[in-house]
Amino acid sequence: MSDPSTARTDRTRSGPDGHRRRRPHRTRWAAVVAVLRAALIAVGLVTAYYLLPLDERDTAGASALLLCGLAAVLLVFGWEVRAILRSPHPRLRAVEALTATVVLFLVLFACGYYLLDHSTTGSFSEPLTRTDALYFTLTTFSTVGYGDITARSETGRVLTMAQMAGGLLLVGVAARVLTSAVQAGLRRQHRGPSAEQPSGTGAGTPDQEAGS
């Protein structure tokens, strides 16, 4: 017979659904790893922005790069949502997903502004360096709009409006989707692996086992 005190200890160590509680230091370590990965993603994307050979592209190449970049944003976002659903730490994974999506979105439009300015002179109120293009992207995304750099050409204004619309969708729709993914991931954890077993394949009830 099992020791009742041992059984009580096991129940104390386990959560209400029968799974062992995660140790606090493991959760803290996972949070540190998530923050580091998010920072590395941001630094890597910004570094790639400064290293890409953007000066050699024409207007057609800039348009193709922008369209491919938008498709990449959607693909990365979809992949991150699936990763959140399967992750043991959905909230932390959502932080990484939001970081990757936002930074990729900003870098993409910074590339578009830079290429537009170099392919069509006078598109903006002043010539743009890569830092200027990233600065203009951030001020547009944050709705600060200092006004020191403005879009003058029709194409530049259309591209700016596209970023504004995309930013609103990113803040509204994407944030809601990530929140729903986190909630679904947490529900999946609470159900545990026993809830995913097909009916008829699990162990019998205690009464059935006692009578067998």
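The values are calculated or read from the model by the stated rules, or taken from the named source; none is laboratory data. Quantities reported herein were computed from a predicted structural model and do not represent experimental measurements. A quick note on method: Cβ atoms are made from the backbone with ideal geometry, for glycine too, and the neighbour counts reach across all protein chains shown. Each accessible area value is taken on the protein alone, full model and side chains, heavy atoms only, with ligands, DNA and RNA left out. Shrake-Rupley method; radii C 1.70, N 1.55, O 1.52, S 1.80 Å.
The number of residues in the range 92-150 being among the charged types (D, E, K, R) and free of Cβ contacts under 8 Å to residues at least 40 places away in the same chain comes to 4.
The conditions of being exposed (fewer than 10 other Cβ atoms within 10 Å of the Cβ), at pLDDT below 90 and outside any helix (DSSP H, G or I) are met by Ala203. Is it true that Thr47 is out of contact with any Phe, Trp or Tyr (no Cβ under 7 Å at 6 or more places or on another chain), modelled with pLDDT of 80 or more and open to solvent by less than 90 Å² (accessible area, probe 1.4 Å)? Against the criterion (out of contact with any Phe, Trp or Tyr (no Cβ under 7 Å at 6 or more places or on another chain), modelled with pLDDT of 80 or more and open to solvent by less than 90 Å² (accessible area, probe 1.4 Å)), Thr47 qualifies. Answer yes or no: is there a residue in the range 106-118 that is open to solvent by 40 Å² or more (accessible area, probe 1.4 Å) and either modelled with pLDDT of 80 or more or among the small types (Gly, Ala, Ser) (or both). Yes.
Considering only the range 121-152, state which residues are surrounded by 15 or more Cβ atoms within 10 Å (Cβ to Cβ) and either closer than 25 Å to Ala71 by Cβ or among the basic types (Lys, Arg) (or both). Reasoning before the result, please.
Taking the range 121-152 first, the residues surrounded by 15 or more Cβ atoms within 10 Å (Cβ to Cβ) are 123-124, 128, 130, 132-137, 139-141, 149, 151.
The answer is Ser123, Leu128, Arg130, Ala133, Leu134, Phe136, Thr137, Thr140, Phe141, Ala151.
Here the helices (runs of 4 or more DSSP H) wholly within the range 62-171 that include at least 2 residues being of a type in the set (Asp, Glu) are 90-119.
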